[in-house]
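S.K.: Structure below; questions to follow.
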């Protein structure tokens, strides 16, 4: 039974570390650009869009589709950066063991 108590203590420690990591990730910002810097997007570690910046020269009323594509690309790239950082932090907590397929954090 002593092993069970030790294991429970380790689980509680890991849970506490995960909560701290999630709080830290939520406060971090990740930025990406597209269109040679014409569109810039910043998201939090949780994927919430914080800011979008668009240079005036990229705005063409006759070609809205290109602007939409550039915004989408910048958002997705910023979100990918946040996801990579989360995976790195999780790897530190789990000792390099990957999460089961389909399991994502925060839960």
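S.K.: Could you check residue 47 against (1) part of a loop (DSSP other than H, G, I, E, B); (2) surrounded by 10 or more Cβ atoms within 10 Å (Cβ to Cβ); (3) at pLDDT 95 or above and say which number it fails?
M.R.: (3)
S.K.: Any idea how many residues of segment 27-44 are surrounded by fewer than 13 Cβ atoms within 10 Å (Cβ to Cβ) and farther than 22 Å from residue 65 by Cα?
M.R.: Of the residues in that region, 1 qualify.
S.K.: With the condition kept exactly as written, say whether any residue in segment 70-86 is under 11 Å from the mean Cα position of the chain (by Cα), surrounded by 11 or more Cβ atoms within 10 Å (Cβ to Cβ), modelled with pLDDT under 90 and under 30 Å from residue 13 (Cα atoms).
M.R.: yes
S.K.: When both residues are 6+ apart or on different chains and their Cβ atoms are under 8 Å apart, which pairs have a first residue that lies in segment 79-90 and is in contact (Cβ under 8 Å) with a residue 24 or more places away in the chain, and a second that is surrounded by 14 or more Cβ atoms within 10 Å (Cβ to Cβ) and in a helix (DSSP H, G or I)?
M.R.: Note: pairs meeting the criteria are 82/25; 85/25; 86/25; 89/21; 89/25; 90/21.
Residue-by-condition table, conditions (1) assigned to a loop (DSSP other than H, G, I, E, B); (2) under 30 Å from residue 93 (Cα atoms); (3) out of contact with any strand residue (DSSP E or B) (no Cβ under 8 Å at 6 or more places or on another chain); (4) without any contact (Cβ under 8 Å) to a residue 40 or more places away in the chain:
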site	(1), (2), (3), (4)
22	no, yes, yes, no
36	yes, no, yes, yes
40	no, no, no, yes
53	no, no, no, yes
62	yes, no, yes, yes
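The values are calculated or read from the model by the stated rules, or taken from the named source; none is laboratory data. A quick note: this is a predicted structure, and the numbers were derived from the prediction, not measured. All Cβ positions, glycine included, derive from the backbone under ideal geometry; neighbour counts span all protein chains shown.
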